[in-house]
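Before any comments, here is the structure.
The values are calculated or read from the model by the stated rules, or taken from the named source; none is laboratory data. A quick note: this is a predicted structure, and the numbers were derived from the prediction, not measured. Positions of Cβ are backbone-derived with ideal geometry, glycine not excepted, and every protein chain shown enters the neighbour counts. Ligands, DNA and RNA are stripped out before the accessible areas are found, and what is left, the full protein with its side chains, is counted by its heavy atoms. Shrake-Rupley method; radii C 1.70, N 1.55, O 1.52, S 1.80 Å.
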Amino acid sequence: MDSKELADKICHAAGAKKAGRITVMEMSGVMLSADYFVVCSANTATQVRAIADNIEEELAEAGVPLGHKEGYREGEWVLVDYGQVVAHIFREEAREYYSLERLWSDAPQTLYED
């Protein structure tokens with residue numbers, strides 16, 4: 001599975017748990033460590049964790065190993081790292097505060113629609 005297909009699979013898994021404003025950021029021209037960021041929102045810490053769990057479960061079923069996960073316990077911002085694709089799952093307030101889309105505004109961004 002290439003990095004674009006992986007990003008799409010992450011978007012689909014996040015959408016299945018009602019993630020909001022799922023945005024794909026093409027990072028390949030901006031940084032060396034990842035091809036894509038997938039950024040999405042949730043209303044509660046419980047939903048943040050449910051989205052992260054579903055991404056991890058769906059990718060494990062597809063045979064894609066998880067590289068690293070951070071922030072799960074707190075549930076404000078969970079980072080799920082699959083190497084060339086990194087998912088950022090935020091509570092809405094944290095997403096507004098950290099504003100990755102503005103921070104990495106040089107990266108082409110696409111709103112995901114299932």
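For this structure, a couple of remarks:
- Normalising the average separation of contacting C-alpha pairs (under 8 angstrom, six or more residues apart) by the number of residues puts the relative contact order of the chain at 31 percent.
- Projected over every direction and averaged, the convex hull enclosing the alpha-carbon atoms of the chain yields 6.2 nm².
- Accessible surface for the chain, divided over its residues, is 54 Å² per residue with a 1.4 Å probe.
- Global size of region 40-84: 10.4, 29 Å for Rg and Dmax (C-alpha atoms, Rg to one decimal, Dmax whole).
- Protection proxy ranking for 105-114, 29-38, 7-16, using the average of other Cβ atoms within 10 Å per residue and placing the highest first: 7-16, 29-38, 105-114.
- Per residue, the chain reaches -11000 deg cm²/dmol at 222 nm when only DSSP H runs of four or more residues are counted, each adding -39500 (n - 2.57).
- Close amide-amide hydrogen proximity is noted between Gly20 and Ser41, Ala42, each under 5 Å apart and 5 or more residues distant or on a separate chain (H modeled in the peptide plane; Pro and chain starts excluded).
- In this Cβ point-charge picture (+1 for Lys and Arg, -1 for Asp and Glu), the chain has a dipole of about 260 debye about its Cα centre.
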